[in-house]
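The values are calculated or read from the model by the stated rules, or taken from the named source; none is laboratory data. None of these values were measured; they are calculated from a predicted model. Backbone-built Cβ (ideal geometry, glycine too); neighbour counts: all protein chains shown. We work out accessible area using only protein heavy atoms, side chains counted, and drop any ligands, DNA or RNA first. Shrake-Rupley method; radii C 1.70, N 1.55, O 1.52, S 1.80 Å.
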Amino acid sequence: MDFKFIKKKIYTIVKIISTVLITSAIGLESWNIYALITDTNVPSSLNPIFWIERFAMTSHFIEGIIAAFYAPSRKKMPIKYATYTFFVGTIGLLELFDQEDDY
C-alpha cells in the first residue's frame, strides 16, 4: 500500500472525528454557561468531561492562532485557515506546513 494514500485516509478520519468532537465541546460548554446563568445544576459527574473539553478547546484555539500567524506565508487566508485549524486540530497545522502533498 502507498503511505501517502494511508496518510490521506487517516487525516480524513481524524478531521471528521475532531470536527464532531470540537462542535460537541462547544455545545457542552454552551450548556454549562446557560446552566450557570439560569442557576441550574449540572451533574457533578460531568466535571471531568468539562475539564477535558476545556483542555481540547484551549489547545485547538492555540493551534488556530498559530495557523493564523503562519497562513499568509503559505498564501492562505489567515481567518479562514485559523477557523479550519481550530476545528481539525493538529492536522490543520501539519497540512499548512506540508508543502509536498495536496489535500
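Things worth noting here:
- Expected 222 nm ellipticity per residue - DSSP helices of 4 or more, -39500 (n - 2.57), all of the chain, to 500: -26000 deg cm²/dmol
- Per residue, the chain exposes an accessible area of 72 Å² to a 1.4 Å probe, with every protein chain left in place.
- Derived scalar couplings between HN and Hα for the stretch 9-14 equal 5, 5, 4, 4, 5, 5 Hz in order, rounded to whole Hz, by the Karplus curve 6.51 cos²θ - 1.76 cosθ + 1.60 (θ = phi - 60°), x for Gly and Pro.
- Only one item in (1) 36, 18, 10; (2) 34, 17, 13; (3) 32, 17, 9 matches semi-axes √(5λ) of the Cα gyration tensor in Å derived from the coordinates shown, and that item is (3).
- Computed FRET value (nearest 0.05) for residue 94 with residue 55, which takes r as the C-beta separation and R₀ as 25 Å: 0.80
- Length added when fully stretched, residue 47-residue 4, from 0.36 nm per residue minus Cα-Cα: 11.5 nm
- Computed from Cα positions, the angle between helix 47-70 and the longest principal axis of the chain comes to roughly 40 degrees.
- Of the solvent-accessible surface of the stretch 6-91, computed with a 1.4 Å probe over protein heavy atoms with every protein chain present, carbon and sulfur atoms account for 73 percent.
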